[in-house]
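Readers should treat all values here as calculations from the given coordinates under stated rules, not as data from a laboratory. Keep in mind it's a predicted model, so treat the numbers as computed, not measured. Virtual Cβ from ideal backbone geometry, glycine too; neighbours counted across all protein chains shown.
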Amino acid sequence: MNGALLARWFPWLLIGLALLAGWLPGSMVREAIPEAFQQEGRDKVLHALGFMLLLFGFRPRRKAGVPVRDWLPGTILLLILFALIHEGVQVLIPGRSLSWDDFWADLIGIAMAASVVLLFDKSS
């Protein structure tokens, strides 16, 4: 697969993996996640890290020369909507439930990643 094609589809592959993880039944999630993260509140770290990776995945390659102001606002909006949907559909999955705390952890991950991107932005 050529590099440009992979770069174009990479963020959507990440979204697909996040969708897959969100649709797993609760029993499968408990088996897949290390016990250290299954303690109360620790899964929020995974939520934040996951959404940080999603935002970083949408970052254009340096060679593309796309300014941050052209891609970051739309990516943030997309990921906020995705976080809402991702949490909302979990009420339909056995052993899962909607968690506003998870949603807030997702937002924190998005904000942290956006802050890092803006901190190291050299396009302005």
Task: Summed side-chain charge close to Trp104 - residues other than Trp104 whose Cβ falls under 13 Å, Lys, Arg +1, Asp, Glu -1 - done: -4
Task: Among Gly65, Leu79, Leu54 - extreme Cα towards positive end, dipole of the range 50-109, charges at beta-carbon - done: Gly65
Open item on the list: Along the Cα→Cβ direction, 7 angstrom out, place labels at Trp23 and Leu84. What is the inter-label distance in nm?
Closed with: 2.1
Open item on the list: Given R₀ = 22 Å, what would the calculated FRET efficiency be for Leu119 paired with Arg69, taking r from the Cβ atoms and rounding to 0.05?
Closed with: 0.90
- [ ] Work out how much length Trp104 to Arg42 would gain on full extension: take 0.36 nm times their residue separation and subtract the Cα-Cα distance, in nm to one decimal.
- [x] 21.0 nm
